[in-house]
Amino acid sequence: MTDYKNLKLIATSSPHIRAAENTRSIMLDVIIAMLPALVYAVWAFGLRALTVTCASVIFCMAWEWVYRKLMKKNQAVGDLSAVVTGMLLAFVCPVGVTYFALFVGSFFSIVVAKQLFGGIGKNFVNPALVGRAMMVASFAGNMTTWAKFQATSHLFGSNADTVTAATPMAYLHTNNLQGLLDSGVTMTDMFLGRIGGSIGEISALMLIAGGIYLLARKVISWQTPVGYIATVVVLTLIFPRGNDAITWMLFNLLGGGLLLGAFFMATDYATSPVTPTGQLIYGIGCGLITIFIRYFGSYNEGVCYSILVMNLLTALIDKYVKPQRFGVVKSDKKEAASK
Amino acid sequence: MAQAFFGGVHPHDMKAATNEKAIEQLAPPAEVVIPMSMHFGAPCAPLVKAGDHVKVGQKIGEFRGLGAPIHASVSGTVKAVEPRPYSMGGNMTAIVIENDMKNELSEEIKAPANPSALTVEEMVEIVKEAGIVGMGGATFPTHVKISGGIGKVDTVIINGAECEPYITGDHRAMLERPEEVIGGAIYLAKMFGVDKVVIGVEDNKRDGIDAMNRVIAEKHAPVVVEPLRCRYPQGGEKQLCQAVTGKQVPPGGLPSAIGCAVFNINTTCAIYRAITQGMPVVTKVVTVSGSGVIDPKNLECPIGTPVANLLDACGGLKDGTYKLIAGGPMMGMAQYTADIPVAKGTGAVLAFCENEEQTVEHPQCIRCGKCVSVCPVKLEPLFMYQYASKGMTEELNAANIMDCMECGACSYICPARIHLTHMFKTGKQLVKDKAAADKAAAEKAAALADKTQKKEA
């Protein structure tokens, strides 16, 4: 029979059971959700899309490991968040990006944006987007040279001979929807991703598939992507550039990094609000700024900076958007206010 | 129609281990240890001393203020009145009775001649004298709840949610003792003067719902069984009120503020036994389960039975058992010793030997906001955690930490495995201490001002 006097018992506070889901499994889900877009990118841009993504992931993990080692902090590479950052960073770069540019970008992503502020969950701006912003500023030519769809690029060395083309966003930015259509790009091309652009952003279909996976796994909630996308849809419908509002709206929706941003970037936990209402406001804000930049800015693309700006407003949103306290019904509140 | 309460989680219910096992009577223990605190309120004063002979049902502890009396659960000789470990942590004055195995019934126990002719006051008095407290684990004295609610309450709710994983005592009571549940519900309806009682049951207990519906039909009882969608913490008093009526209990308030009163299934059974048989609370149905238990069971045993007796009746513990819990896995208390007795609120004894707890070494919040979305009282645990860990009492107060009922949903869901609930228990104490300190300081200042005024005069 059991010797009850000599049990080795741990007395901790309740609850004594935990859900199966943990940080690592969430990050793994995000990685899985990005795989369709990655596979598609390899088909669209060749094997270099894969080597660039792998390099970015390796750089990010290395920076994280080295920083935490030097700072004598516990190692946290196992939580896979650096892998997610690495993949996202590669996804927002053109396939011809140099490995050196990624090396620098990943430093800003992991060390400057994330680790200096305390590591996972403590960063207040999206690491991948910080990395991209720094790379656009530092390697402007390299970061804005877009390989044509299914043009061959070399795995290593110069890619000066790769066939390049303007992305749909360049046409849209100059309000030249007709020019884009005349160049032979159809709506189907936009939806499937038979266009030029950043590694991970071209196929709307694959991104939507990944987004649905994240929503189904409850990794992300609907508020941010829906708020974001709906704002872009409504604004482009109300203020179309060209005769066909619907076509203009759909090209804006499917072109550029909007879907990648809405499903994978804006939903980043650390840099978005925690309440559902807050997330909706944040998503709408992202949509507003995206359209502002696309319409009035000097950049073709507004997703990256719109999310970075809204990241900065997250703390403010979290401060003022609180859940309705349990037991205080709205009518009671009004009564109390009128008293 | 049943509605939803806010937030909540879906832990695996783990009830399959015991939900098809009938309640077994435990072999009488050689000795019982009855702690003088088994209720919400001050401990009882012992009425017996070492050497006294006691009989089953004899009152051995009297309450002061808020509380309920305590009765001998076996007949025999009082061996000692001394502090013993109990399930709430630490030691508590306890009456140790050596069982003479005669099971003699006390003369104090008399079944009312005509239970249906009793007045409301008489019924409440019987409930009080029977030492009935909330058997779901909160152990609030039932007579106080009834007398405080008469006149205010229009909806009497019987709590059959049993939302904590593993526990099946209420489920088995519904199946095996539906006439006690329904009978108790009828007496509650009489006491409150309402014409309908609602029994809220989670829909993983379909057979229990059917069993009670059969009795309701037979007796034409004014009782309705309301199936609820499974979710933790459905059995929280405020959550059950919300699920059944759609109304929210105001912060810091009791369910009576929205016209509700909630009673647990086994509490209702106890009310029935007290009114029809005059029997006080001397036994308890305990679910013994968990990965560390060899043969999980539902056992009925005298109050004060050592937990080791229950575990032995279930084949003992597996090697590597690292945790012993009195209560459910979400809100129960982890024990540092197996040397504790079954109390009135002990609905389960769980032993774990697998990786149920999944502790990690360096938990780091990833701000996923899952804690916010599961909180049934709409708090923001991730922010409260930061305030509490830094001792920021004003911010804690502003974040409504006192609304936290420590249900554990946030800790359960947290992917970073942060000990949120634990921190809130500490945080609530900080807020209470701060309020007490402020009050003392204000009184001191007032006294000083008074003194100087007098001096000046």
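The values are calculated or read from the model by the stated rules, or taken from the named source; none is laboratory data. This is a predicted model, so every value here is computed, not measured. Please note: Cβ atoms are built from the backbone with ideal geometry, for glycine as well, and neighbour counts cover all protein chains shown. Accessible surface areas use protein heavy atoms only, side chains included; no ligands, DNA or RNA. Shrake-Rupley method; radii C 1.70, N 1.55, O 1.52, S 1.80 Å.
Observations, loosely collected:
- Residue list for region B:386-401, restricted to those being within 26 Å of the chain's Cα centre (by Cα) and more than 7 Å from chain A (Cβ to nearest Cβ): B:Ile401
- For region B:217-227, the criterion of being part of a loop (DSSP other than H, G, I, E, B), touching a residue at least 40 places away in the same chain (Cβ under 8 Å) and open to solvent by 20 Å² or more (accessible area, probe 1.4 Å) is satisfied by no residue at all.
- Count - residues of region B:347-360 that are facing chain A (nearest Cβ under 7 Å) and either out of contact with any strand residue (DSSP E or B) (no Cβ under 9 Å at 6 or more places or on another chain) or open to solvent by 30 Å² or more (accessible area, probe 1.4 Å) (or both): 1
- Residue match in region A:96-118 (condition: within 14 Å of chain B (Cβ to nearest Cβ) and either out of contact with any helix residue (DSSP H, G or I) (no Cβ under 8 Å at 6 or more places or on another chain) or in contact (Cβ under 8 Å) with a residue 60 or more places away in the chain (or both)): yes
- Region A:174-200, residues that are open to solvent by less than 40 Å² (accessible area, probe 1.4 Å) and of a type outside the set (Val, Ile, Thr): A:Leu177, A:Gly179, A:Leu180, A:Asp189, A:Met190, A:Gly193, A:Gly196, A:Gly197, A:Ser198, A:Gly200
- For A:Gly96: the one exception among (1) at pLDDT 95 or above; (2) over 21 Å from A:Met27 (Cβ atoms); (3) open to solvent by 10 Å² or more (accessible area, probe 1.4 Å): (1)
- Members of region A:289-308 that are part of a helix (DSSP H, G or I) and either closer than 15 Å to A:Ala133 by Cα or open to solvent by less than 20 Å² (accessible area, probe 1.4 Å) (or both): A:Thr290, A:Ile291, A:Ile293, A:Arg294, A:Val303, A:Cys304, A:Tyr305, A:Ser306, A:Ile307, A:Leu308
- Residue match in region B:411-423 (condition: more than 8 Å from every other protein chain (Cβ to nearest Cβ) and either among the small types (Gly, Ala, Ser) or within 30 Å of B:Val281 (Cβ to Cβ) (or both)): no
- All positions within region A:190-203 that are over 22 Å from A:Ser272 (Cβ atoms) and touching a residue at least 24 places away in the same chain (Cβ under 8 Å): A:Met190, A:Phe191, A:Gly193, A:Arg194, A:Ile195, A:Gly196, A:Gly197, A:Ile199, A:Ile202, A:Ser203
- Residue that is crowded, with 17+ Cβ neighbours inside 10 Å and closer than 30 Å to B:Pro165 by Cα, where the choices are A:Ile10, A:Ile26, A:Ile110: A:Ile26
- Any hit, region A:64-82, residues being open to solvent by 30 Å² or more (accessible area, probe 1.4 Å), in contact with a helix residue (DSSP H, G or I) (Cβ under 8 Å, 6 or more places away or on another chain) and more than 14 Å from chain B (Cβ to nearest Cβ): yes
- Any hit, region B:48-71, residues being open to solvent by 10 Å² or more (accessible area, probe 1.4 Å), under 30 Å from A:Ile17 (Cα atoms) and touching a helix residue (DSSP H, G or I) at 6+ places or on another chain (Cβ under 9 Å): no
- Residue satisfying condition, being open to solvent by less than 10 Å² (accessible area, probe 1.4 Å), modelled with pLDDT of 95 or more and not acidic (Asp, Glu), within set A:Ala204, A:Ala216, A:Ala209: A:Ala204
- Options B:Ile275, B:Ile294, B:Ile265; residue that is aliphatic (A, V, I, L, M), more than 24 Å from B:Ile34 (Cβ to Cβ) and in contact with a Gly (Cβ under 9 Å, 6 or more places away or on another chain): B:Ile294
- Filtered residues of region B:327-346 (kept if more than 10 Å from chain A (Cβ to nearest Cβ) and either open to solvent by 10 Å² or more (accessible area, probe 1.4 Å) or in a loop (DSSP other than H, G, I, E, B) (or both)): B:Ile340, B:Val342, B:Ala343, B:Lys344, B:Gly345, B:Thr346
- For region A:60-98, a tally of residues being of a type in the set (Val, Ile, Thr) and in contact with a Gly (Cβ under 7 Å, 6 or more places away or on another chain) returns 1.
- Within region B:246-263, the residues that satisfy the criterion of being touching a helix residue (DSSP H, G or I) at 6+ places or on another chain (Cβ under 7 Å) and closer than 26 Å to B:Met212 by Cβ are B:Lys247, B:Val249, B:Pro255, B:Ser256, B:Ile258, B:Cys260, B:Ala261, B:Val262, B:Phe263.
- Single match in B:Tyr272, B:Tyr322 (criterion: open to solvent by 30 Å² or more (accessible area, probe 1.4 Å) and more than 14 Å from chain A (Cβ to nearest Cβ)): B:Tyr272
- Selection within region B:412-438 - in a loop (DSSP other than H, G, I, E, B), more than 21 Å from B:Gln234 (Cα to Cα) and open to solvent by less than 20 Å² (accessible area, probe 1.4 Å): B:Pro415, B:Ala416, B:Arg417, B:Ile418
- Residues satisfying the stated conditions in region B:385-411, i.e. assigned to a helix (DSSP H, G or I) and open to solvent by less than 20 Å² (accessible area, probe 1.4 Å): B:Ala388, B:Leu396, B:Ile401, B:Ala409, B:Cys410, B:Ser411
- Which numbered condition B:Cys365 fails, given (1) in contact (Cβ under 8 Å) with a residue 40 or more places away in the chain; (2) in a helix (DSSP H, G or I); (3) open to solvent by less than 60 Å² (accessible area, probe 1.4 Å); (4) within 10 Å of another protein chain (Cβ to nearest Cβ): (2)
- So B:Gly292, is it within 14 Å of chain A (Cβ to nearest Cβ) and crowded, with 21+ Cβ neighbours inside 10 Å: yes
- When region B:6-22 is limited to residues that are touching a Pro at 6+ places or on another chain (Cβ under 8 Å) and within 13 Å of chain A (Cβ to nearest Cβ), the one that is nearest to B:Pro233 (Cα to Cα) turns out to be B:Gly8.
- Filtering region A:229-288 to residues that are open to solvent by 10 Å² or more (accessible area, probe 1.4 Å), of a type in the set (Phe, Trp, Tyr) and either under 14 Å from the mean Cα position of the chain (by Cα) or within 14 Å of chain B (Cβ to nearest Cβ) (or both) leaves A:Phe263, A:Phe264, A:Tyr269.
- Every test in (1) in contact with a Ser or Thr (Cβ under 9 Å, 6 or more places away or on another chain); (2) closer than 23 Å to B:Cys375 by Cα is passed by A:Thr231 save one, and that test is (2).
- The set of residues in region A:218-233 that are touching a residue at least 40 places away in the same chain (Cβ under 8 Å) and more than 24 Å from A:Ala90 (Cα to Cα) comprises A:Ser221, A:Gln223, A:Val226, A:Gly227, A:Ala230, A:Thr231, A:Val232.
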